[in-house]
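Only one structure is covered here, and it is reproduced in the block below.
The values are calculated or read from the model by the stated rules, or taken from the named source; none is laboratory data. None of the values given here were measured: they were computed from a predicted structure. FYI the Cβ positions are ideal-geometry reconstructions off the backbone, even for glycines, and counts take in every protein chain you see. Just so you know, the surface numbers come from the protein's heavy atoms only, side chains and all, with ligands and any DNA or RNA stripped out. Shrake-Rupley method; radii C 1.70, N 1.55, O 1.52, S 1.80 Å.
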Amino acid sequence: MKDSEYHELIDTLFIAIEEALDECEVDIDYEGAGGILSLTLPDHSKIILNKQTPLQQLWVATKFNGHHFNYTDGLWIDERTDAEFYAFIDEAISRQAGQPVKLNLQG
């Protein structure tokens, strides 16, 4: 994949997450800048998503663990657990927020 395609995929994903968080019933703040999207949950803990351009990966850090996602067959897949990103992010936010969160993102 060309770097321009990679950047477009991540930028589109980050926008979709921001729009979903605007609609979310749980108060989750976010800030995006320089290829990083930071989510701040009600307990002030963070989930950080960032571009890893040299590897063409999406990295996600939660207070529980770090995850590296590769774009494979139209999906972002965790290289360690094989988790699909959209299901993973709902689960990660829910776990960290201590309440169910469904962003309704789609691949």
**Asked** In the stretch 20-29, is there at least one residue being surrounded by fewer than 17 Cβ atoms within 10 Å (Cβ to Cβ), touching a strand residue (DSSP E or B) at 6+ places or on another chain (Cβ under 8 Å) and under 20 Å from residue 4 (Cα atoms)?
**Response** no
**Message:** Being open to solvent by 30 Å² or more (accessible area, probe 1.4 Å), closer than 27 Å to residue 4 by Cα and either in contact with a strand residue (DSSP E or B) (Cβ under 8 Å, 6 or more places away or on another chain) or modelled with pLDDT of 95 or more (or both): is that true of residue 89 here?
**Reply:** no
**Fill in**
Of the residues in the stretch 61-90, those that are under 18 Å from residue 40 (Cα atoms) and in contact (Cβ under 8 Å) with a residue 60 or more places away in the chain number 1
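Please enumerate the residues belonging to the stretch 73-83 that are surrounded by 15 or more Cβ atoms within 10 Å (Cβ to Cβ) and farther than 15 Å from residue 17 by Cβ. Lay out the reasoning, then the answer.
Start the filter on the stretch 73-83 by keeping residues that are surrounded by 15 or more Cβ atoms within 10 Å (Cβ to Cβ), which leaves 76-78, 83.
Matches in the stretch 73-83: 77, 78, 83.
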**Prompt:** In the stretch 92-106, how many are open to solvent by 40 Å² or more (accessible area, probe 1.4 Å), touching a residue at least 12 places away in the same chain (Cβ under 8 Å) and not in a helix (DSSP H, G or I)?
**Reply:** 5
**Request:** Could you please find all residues in the stretch 59-72 being under 14 Å from residue 10 (Cα atoms) and either open to solvent by 50 Å² or more (accessible area, probe 1.4 Å) or charged (D, E, K, R) (or both)?
**Result:** 59, 68, 71, 72
**Request:** May I ask you to list pairs of residues, at least six apart or on different chains, whose Cβ atoms are under 7 Å apart, with the first in the stretch 1-18 being in contact (Cβ under 8 Å) with a residue 40 or more places away in the chain and the second being assigned to a helix (DSSP H, G or I)?
**Result:** 3/53; 6/53
